[in-house]
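For reference, the structure discussed in these notes is given below.
The values are calculated or read from the model by the stated rules, or taken from the named source; none is laboratory data. Nothing here was measured: the structure is a model prediction, and the numbers come from that model. Heads up, the Cβs are rebuilt from the backbone with ideal geometry, glycines too, and the neighbour counts pull from every protein chain shown.
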Amino acid sequence: MQLKPIHQQVVVVVGASSGIGRDAALAFAQRGAQVTVAARNQEALDSLVNEIQRSGGKAIAVLADVADFEQVQAIAAAAVAAFGRIDTWVHCAAAGMVATFETMTLEEFRRVIDVTLMGQIYGARAALPYLKQTGQGSLIAISSMEGRRALPLQSAYSTAKHGLEGFVESLRVELEHDGFDINVTSIKPAVINTPFYNHARTKIGVKPTGIPPYYSPGLVTEAILYAAEHPTRDYIVGDVGRVLDWAQRLAPALLDIVLARIGFQGQQTNEPKLPQDPDNLFEPMSGYEQAEGDFEHLSVPSVSDWVVKNPMPVAGAIALGAAVVLAANAFKKGKSS
C-alpha cells in the first residue's frame, strides 16, 4: 500500500478544538496538507483556522457534534467541497466521565458511548465513500490503552474504547476482503497531557487526573503523521502503554490487584470539582483552546516511540554491536592460538 506524502494530502481532523486533535491539525498544516477541522466549539475552531492561515496553511472549519451522524456527514461533504477529496480522516473526538459505575446515570453513560464510540463509527461511515473514490488513503482512529486495559472510574470510556477496537478490526478485514487499498490504524495513547481532564465530568469530588506518568500530545501527533504516510495497523504511544499491553497479556489478574490499590487515588487531584461544575459532556466547554493540559510537570519522554518510527537505525545499531562482539571474540581466539 502506497500512501501520499503529507504535503499532497487532504486531511480531516475531527475533535480538533483542543488536545491531540488541535496539535495534529496544526502539524498537518505545517507539513503542507489541506486541512478540515471539526468540533463543537466554534471559538476554538476559529482560532485554530486563523492560526493555520497566519502561518500560510489552508484550512476550513465545520461545527459538528459527532454524536449526530448527519453532522458528521456534513464534515466530509465540506472537506470535499473545499478541497476535492479526502486522503486521511483522523478521528479524535471523545467524551470523559470519571465516576464509579453506580454513581453515573444511564444518560451520562450513553452519552460517552455516543461520542466516543458511535462518533468514530459515524466518522468511518462518512469518510469511507470518499476514501474509496480516491482509491487509497487512511482512516486513523484515536483509541486508547483503555481499549486494551480498562480502568476503574472510567467504565463508560473504557467500554467505548474496547468497542472501537472491535469495530476497527472488523472493518479492516472487510476492506481487505473487498480489495480496497485503505489503511486503517488504531492509535492507542497512554496518559497524555491534554485538557481531557479539565473537560471530563466527575463525581469523585475533585478534578480527575490520569495515572502518571504523562506524555506530550505531540508524541501522539507524531504517531498520527507517521500512520498517514506509512500503513500501520496498531500504534501504542508511550513506554508505559507498551508495558501495560504486555502486563495485560501476561497477568491480567495481577493488574486487577494493582489497579484496585492505586487506580482510585491515582486518578484524583487535590483540586475540588463538583458534579455541577462545567464540563463538556453534553455541551462544548470554553476556555481550553489548547493542546497541552495542566500536567506538563508530570510528562516524560518515550524511548520506545522513537524505536518504532526508526527501526532501521536500531537494527543497524544492533547489527553493529553484534559485529563488534564477534570481531572481539575472533581477535581473542586469534591471540590465544
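On the basis of being at pLDDT below 95 and closer than 27 Å to Asn198 by Cβ, does Ser47 make the cut? So that I can check it myself, show each step before the final result.
Details: at pLDDT below 95: no; closer than 27 Å to Asn198 by Cβ: yes.
Here the answer is no, as Ser47 does not meet what is asked.
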### Query
Which pairs have Cβ atoms under 7 Å, sit 6 or more apart or on different chains, and link a residue in the stretch 33-46 that is more than 17 Å from Ala126 (Cβ to Cβ) to one that is in a helix (DSSP H, G or I)?
Ala33/Ile6; Ala33/His7; Gln34/Phe83
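Okay, residues lined up against (1) over 27 Å from Lys188 (Cα atoms); (2) of a type in the set (A, V, I, L, M, F, W, C); (3) at pLDDT 75 or above:
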site: Ala228; (1), (2), (3): no, yes, yes
site: Asp239; (1), (2), (3): no, no, yes
site: Ile262; (1), (2), (3): no, yes, yes
site: Glu283; (1), (2), (3): no, no, yes
site: Leu298; (1), (2), (3): no, yes, yes
site: Met312; (1), (2), (3): no, yes, no
site: Ala327; (1), (2), (3): yes, yes, no
### Query
Residues of the stretch 105-150 being outside any helix (DSSP H, G or I) and in contact (Cβ under 8 Å) with a residue 24 or more places away in the chain, which ones?
Gly135, Gln136, Gly137, Ser138, Leu139, Ile140, Ala141, Ile142, Ser143, Ser144, Arg148, Arg149
### Sole exception among (1) under 23 Å from Asn183 (Cβ atoms); (2) surrounded by 20 or more Cβ atoms within 10 Å (Cβ to Cβ); (3) without any contact (Cβ under 8 Å) to a residue 60 or more places away in the chain for Ala67, by number
(1)
#### Entry: Ile140 vs. criteria assigned by TED's automatic domain parsing to the domain that holds Ala260, modelled with pLDDT of 95 or more and touching a Phe, Trp or Tyr at 6+ places or on another chain (Cβ under 6 Å)
no
### Task
Would you mention how many residues in the stretch 73-98 are crowded, with 20+ Cβ neighbours inside 10 Å and not in a helix (DSSP H, G or I)?
13
